[in-house]
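Notes follow once the structure below has been shown.
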Amino acid sequence: MTAVDTGLAAEYAAIYAYSAAAVHLDGDPRWIAEELEAEHRSRRDALLDFYDEHQLEAAPSLAGYDIEPISDAAAAQELLLAVETDVTTAWRAGVASSEPNEREICLRMYGESAVTLARWRLALGRPAADPWPGRPE
């Protein structure tokens, strides 16, 4: 599995999580969650284009993903924070790829996912500042 494969899988999982969590949100958090889900869909589409351009075969999304049960808005918000962190971590790891095309797309996706993570953190009232988003603790 390549770094791009791992990143694509993370984007698929994020789309699934947003679809499940957004219904538990109201007001600004719901609106922001819908925007961020659209960003994940856009990244997924860009990745599928990358696969096509390089004559690679992209794995399809799974029918479902293992997420914690969502009982309320707080649980939905925490799930989405964990998902955003996971996506950013996946793309950060890909930046170390020795393959130039892979490294280039991973770097672009890492930058985009770091912004998405910061936006969600701000939506939750948390500081967005993190010098190395996605870096394992």
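Suppose each label sits 7 Å from its Cα in the direction of the beta carbon; what would the Ala59-Glu104 distance come out to in nanometres?
About 2.5 nm, to one decimal.
Determine the dipole magnitude for the stretch 3-123: charges of +1 sit on the beta-carbon of Lys and Arg, -1 on that of Asp and Glu, nothing else is charged, the reference point is the Cα centre, and the result goes in debye to the nearest 20. If you can, show how the numbers build up before the last one.
Values: 9 positive and 23 negative charges, 57 e Å.
Roughly 280 debye for the stretch 3-123.
Compute the distance in nm between two label points, each set 7 Å from the Cα along the Cα-to-Cβ direction, one at Leu81 and one at Asp52.
Inter-label distance under the simple model: 3.8 nm.
Which of the peptides 29-38, 63-72 is most tightly packed, and how do the rest follow, judged by the mean count of other Cβ atoms within 10 Å per residue?
In descending order of packing, they fall as 29-38, 63-72.
In deg cm²/dmol, rounded to 500, what helix-only [θ] at 222 nm does the chain give when every DSSP H run of at least 4 residues adds -39500 (n - 2.57) and the total is split over its residues?
Here the helix-only value at 222 nm equals -23500 deg cm²/dmol.
I need the phi-derived Karplus couplings for the stretch 4-12: 6.51 cos²θ - 1.76 cosθ + 1.60, θ = phi - 60°, integer Hz, Gly and Pro marked x.
My calculation for the stretch 4-12 gives 5, 4, 5, x, 4, 4, 5, 5, 4 Hz in order.
Readers should treat all values here as calculations from the given coordinates under stated rules, not as data from a laboratory. Just so we're clear, the structure is a prediction, and the values are computed from it rather than from any experiment. As a convention, Cβ positions derive from the backbone with ideal geometry for all residues, glycine included, and neighbour counts pool all protein chains shown.
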